[in-house]
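Visitor: Below is the structure I would like to discuss, written out as structure tokens.
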Amino acid sequence: MSFPFAFWDSSALLPLCVLQPQTAQAKALFRRYGMVVWWATPVEIVSGLTRLMRMGDINRNQFVLGKQRAEELANLWDSLQSSTGTVAQACSLLELHPLRAADALQLAAALEYFQPALQGSVFITADRRLAEAARQTSFSVEFV
């Protein structure tokens, strides 16, 4: 059985690694969509896990388990490498939308992956600003 691929922002993957309020929704989307991510997603996931540990939301054991789950997910996803086109697209997106640099790079990678058949392609995120920018660039957005 095959299912469609969607671009997964790291904010939507983190709830698959550690228990969060969005975990049930993220798991439901995981059952519906294959994963496409940008090359820096592993770094962003570890960043999110360390932030949660520093804030006291998870303990050291949960952090280690979260990293292991991220490594398991990495065996399932298709990772996009950076390109000159991605960088140029990200710079353009920053001029159009109130995004952080990493979010613009992720959206640019998603645009590159799904072009030219962008209409109806799915972008999964837990970030409201990124979700709005993805909608405005013709993605169908699934919000975690």
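Readers should treat all values here as calculations from the given coordinates under stated rules, not as data from a laboratory. Predicted model, so just to flag it, every value in this text is computed and none were measured. Neighbour counts run over all protein chains shown; Cβ positions are idealised from the backbone, glycine included.
Visitor: Give the long-range amide H neighbours of PHE5: residues separated by 5 or more places, or on another chain, with amide H under 5 Å away, using H modelled in the peptide plane at 1.01 Å from N.
Guide: Close amide H contacts, sequence-distant or interchain: GLY34.
Visitor: Enumerate the helices in the chain for which the Kyte-Doolittle hydropathy averages -1.0 or more and the C-alpha atoms extend at least 24 Å along the helix's axis, using complete DSSP H runs.
Guide: none
Visitor: Output the relative contact order of the chain, whole-number percent, from Cα pairs under 8 angstrom with separation of 6+ residues.
Guide: Relative CO of the chain lands at 27 percent.
Visitor: To the nearest Å, what is the center-to-center distance of segment 24-58 and segment 67-97, using C-alpha atoms only?
Guide: Going from one Cα centre to the other spans 13 Å.
Visitor: Still on this model: Pull up all non-local amide H partners of LEU80: gap of 5 or more, or a different chain, and H-to-H distance under 5 Å with H placed in the peptide plane.
Guide: Under 5 Å from the amide H of LEU80: VAL37, TRP38, TRP39.
Visitor: While we're on this one: Taking 0.36 nm per residue of separation and subtracting the Cα-Cα distance, what length does fully extending SER79 through GLU132 add?
Guide: 16.8 nm
Visitor: Using +1 at the Cβ of each Lys and Arg and -1 at the Cβ of each Asp and Glu in segment 5-143, identify which of CYS91, SER10, ALA26 lies farthest towards the dipole's positive end.
Guide: ALA26
Visitor: Another question about this same structure. Please get the size of the charge dipole for the chain, origin at its Cα centre, with Cβ charges of +1 on Lys and Arg and -1 on Asp and Glu, quoted in debye to the nearest 20.
Guide: Rounded to the nearest 20 debye, it is 420 debye.
Visitor: Given labels modelled 7 Å from the Cα in the Cβ direction, how far is it in nm from SER140 to ALA101?
Guide: 3.4 nm
Visitor: Starting from 0.36 nm per residue, how many nanometres of slack lie between CYS91 and LEU19 once their C-alpha separation is accounted for?
Guide: Value of the extension gain: 22.5 nm.
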